[in-house]
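Q: Below you'll find the structure I mean.
What follows draws every value from the coordinates through simple rules; no lab data is involved. All figures in this text were calculated on a predicted structure; none of them were measured in a lab. Virtual Cβ from ideal backbone geometry, glycine too; neighbours counted across all protein chains shown.
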Amino acid sequence: MNAVVEAENLVQVYEVGRGLFRKPARLQAVGGISFAVAPGRTLAIVGESGCGKSTLARMVTLIERPSAGRLVLDGSDATAADLPAEERKRLRRAVQLVFQNPYGSLNPRKTVAAILEAPLAINTSLPRSERQARVADMLARVGLRPEYAQRYPHMFSGGQRQRVAIACALMLSPKLVVADEPVSALDVSIQAQVLNLLADLQADLGLAYLFISHDLGVVRHIAHDVLVMYLGLAIEQGPKERIFARPLHPYTMALLASTPGLARGGRARIVLRGELPSPLNPPQGCVFSTRCPYVTDRCRVERPALRPLDGRRVACHYAEDFLQAEAA
Ligand SMILES: Nc1ncnc2c1ncn2[C@@H]1O[C@H](COP(=O)(O)OP(=O)(O)O)[C@@H](O)[C@H]1O
Ligand SMILES: [Mg+2]
């Protein structure tokens with residue numbers, strides 16, 4: 001099936017001011033990421049805070065234009081200079097964003113009914129009665145009672161508020177939902193409920209998800225494919241089963257080893273040392289070289305390309321060695 005979103009080498013570079021008399025520095029938040037997501041599929045983007053996940057989300061949802069690369073949404077090149085305004089509007093409706101913190105994205109002065117009706121009132125010519133019917137239908141879909149429509153966002157729990165935010169994102173029948181840490185602010189028991197809801201909605205509506213999380217445990221059930229980011233780059237990318245069963249990049253190994261329930265016995269436990277380097281001053285060779293327990297001189301000077309191996313893509317000079325060690 002045709003992908004809903006195809007990203008080719010997306011790059012985002014920010015100019016960061018360093019005071020009046022110094023030239024602004026160049027911060028590469030995303031350094032060339034490629035992926036595709038088909039209807040009904042979920043790609044999880046995982047990595048530590050600061051690795052560029054939200055920047056990627058802003059590019060895919062057309063909030064920010066990439067510095068370089070190509071983004072095809074629902075069959076249309078969103079990065080084309082000559083994209084007609086009407087088509088851009090259509091694409092903006094086709095991709096919707098759900099944030100970590102629904103306190104910020106829901107207007108506190110409006111009832112849930114008014115919040116959910118607004119996208120329809122602005123973007124469609126549906127009569128009021130039809131808009132209200134759709135609001136009622138959407139509330140039921142996300143598991144909220146009909147009488148909640150007249151309540152205000154502050155009257156809900158965190159999990160309910162995230163249900164409202166998801167309902168709001170779905171009002172215009174998008175094809176792709178970008179969820180940026182959608183359950184990170186919720187209690188663990190509530191997280192599972194919201195993840196189940198997202199999975200049910202995907203099955204019912206054929207939605208494609210770009211699901212962003214710093215927590216591999218959270219993506220474990222919902223993801224079909226995984227893209228592990230480090231300092232703006234993809235370091236391992238492919239089907240979830242492959243990567244979870246046999247990670248081939250030391251950073252993925254470390255993330256898995258530190259996730260309760262995903263750590264495997266037998267494998268040497270890799271503990272992440274040190275801090276994430278500043279993206280203003282990234283390591284010269286492999287971006288992970290300053291924290292990698294297997295680092296060699298080659299890693300410090302030569303940046304490994306992302307290349308196919310064992311059913312996924314991985315950016316480590318020694319991935320073959322890890323694969324053989326596992327097989328032995
Ligand atoms: N508008 C901006 N201007 C300058 N730097 C930014 C901007 N947005 C993000 N950054 C920087 O880009 C890097 C990636 O940020 P972000 O995408 O928010 O990461 P994540 O969501 O993975 O935590 C960080 O170093 C952050 O400070
Ligand atoms: Mg973020």
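Q: Kindly express, to the nearest 10 degrees and within the range 0 to 90, the angle between helix 188-205's C-alpha long axis and the longest C-alpha principal axis of the chain.
A: It works out to around 70 degrees.
Q: Follow-up question, since we're still on this one. Pick out, in residue order, every one of the trypsin sites (Lys or Arg not before Pro) in the stretch 1-44 that is DSSP loop and has at most 10 other C-beta atoms within 10 Å; say none if there are none. Before the final figure, lay out each step's value.
A: On the way: sites: 18, 22, 26, 41; in loops: 18, 22, 41.
In loop regions of the stretch 1-44 (DSSP not H, G, I, E or B), the sparsely surrounded trypsin sites (Lys or Arg not before Pro) are 22.
Q: Of the listed peptides 236-247, 80-91, what is their order by residue-averaged count of other C-beta atoms within 10 Å, with the highest listed first?
A: On the way: 236-247: 19.7, 80-91: 11.6.
Packing order, densest peptide first, comes out as 236-247, 80-91.
Q: Which value at 222 nm does the chain reach when only helices count, each DSSP H run of 4 or more adding -39,500 (n - 2.57), with the total divided by all residues and rounded to the nearest 500 deg cm²/dmol?
A: Values: 12 runs with 114 residues, N = 328.
Calculated from helices alone, the mean residue ellipticity at 222 nm is -10000 deg cm²/dmol.
Q: Could I ask something else about it? So in the chain, what percent of DSSP beta bridges are antiparallel if you round to the nearest 5? Write down the numbers at each step before the final one.
A: Numbers: 28 of 46 bridges.
In the chain, approximately 60 percent of DSSP beta bridges are antiparallel ones.
Q: Residue-wise, which Karplus ³J(HN,Hα) couplings in Hz belong to the stretch 217-226, taking 6.51 cos²θ - 1.76 cosθ + 1.60, θ = phi - 60°, and x for glycine or proline?
A: Listing the rounded values in order: x, 6, 7, 3, 8, 8, 7, 9, 10, 10 Hz.
Q: A further question on this structure: Take the alpha-carbon centre of the stretch 29-74, take the same for the stretch 288-316, and report the distance between them in whole Å.
A: Distance between centres, Cα-based: 22 Å.
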